[in-house]
């Protein structure tokens, strides 16, 4: 006989697995910022090559999220999520054994491929386990858990680098991923596949239109492309800032431990920004919220340049709040511009565009940095952030009154 507590236990197990995977994978993604200066010194890299390393991981992760979701439908969520986590761990193990830039780039591409499974599959596990309004609450906890990984892993990596060689530190981090893969495979709930009759019935039902998300008439026709452009600029400037922040801090005299602490401050501010700016967007609208957050981001980056190290560290949480807060406003605006039947496709396009631009940006900004230095690049990033303001003004007619 089935215990009344069994469904709740399954829910907690599913949420625990999803949150744990999110902590690990987001932590893996953002600890790279601590390692980039180490690799630059070790392999004699230019800033364009540094940007390419960061972009390779993010680009592979962006490109394979949709295929990973499709494979999970055939092979099962537990197997795919565990395999991707193991692949990410193996990639860090290989990164700790490489002898040059090309091999390191290949290892990070492999790591991005492994990391691609986490967002689509872990979120699907949560959504499938929880029902109704409780699913929204559970997904909110899942989304926030990624910020915990962003705060913990860079600081922990910086601490490991003070205790051991970076290659040994990567082996420790890789081992953590491999252990997590085993736990994920064992603990992830298994879902029964639909029966053949159910599958046939579902295929006989009318399929919602998958027309382009811009099918709404009037000014709303251009709303989604404008919103996507804002999101791509926001993501590109955020990733570029995070990529070159450690080099700016190094020039101010920061140690590896201090850099890890600095990134933790940025990510802590970013986690708060997701909550604060979501409420701002709901209360004051996307126009006022984006102008405020992007304006504060540009001012914060420009103000960071002349400040000494201690004062710069004090400013980083505020920069993180504005830097990361815009994204929550933009994501919440997508449903306002798109008919319900096209929501899934619209979000797919939006995530692909924003993650893809964030993957390409570090390499492009790296080329500029090789010619004009890190401070020049930071000023360029601050200027590019301000390009979102005329775009959000152009978006206003498309927004519902």
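Just so it is clear, none of the values below were taken in a lab; they were calculated from the coordinates. None of these values were measured; they are calculated from a predicted model. Here Cβ is always computed from backbone atoms with ideal geometry, including for glycine, and neighbour counts include all displayed protein chains.
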* For residue 379 and residue 364, calculate 0.36 nm times their separation in residues minus their Cα-Cα distance, and state this gained length in nm to one decimal. => 3.9 nm
* **C-alpha center-to-center spacing [the stretch 91-130, the stretch 27-53] in angstrom** => 16
* Cα→Cβ-extended label distance, 7 Å offset, between residue 305 and residue 255, nm -> 3.0
* To do: Calculate the length of the line joining the C-alpha centroid of the stretch 140-165 to that of the stretch 263-307, in whole Å.
  => 21
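How much length is gained if the chain between residue 102 and residue 279 is pulled fully straight, taking 0.36 nm per residue apart and subtracting their Cα-Cα distance, in nm to one decimal?
59.3 nm
Find the percent of Cα-Cα distances in the stretch 219-286 that exceed 16 Å, and round it to a whole number.
64
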* residue 315 versus residue 168: modelled label distance in nm, points set 7 Å from Cα along the beta carbon direction -> 3.8
* Asked: Between residue 288 and residue 372, what is the spin-label point distance in nm, taking each point 7 Å from the Cα along the Cα→C-beta axis?
  -> 3.4
* Between residue 394 and residue 190, take the C-beta separation as r, use R0 = 30 Å, and let me know the FRET efficiency to the nearest 0.05. => 0.05
* Arranged from highest to lowest average of other beta-carbon atoms within 10 Å per residue, in what order do the peptides 107-119, 62-74 appear? -> 107-119, 62-74
* Structure fact -> Per residue convex hull volume, Cα only, the stretch 25-160, in Å³ is 106
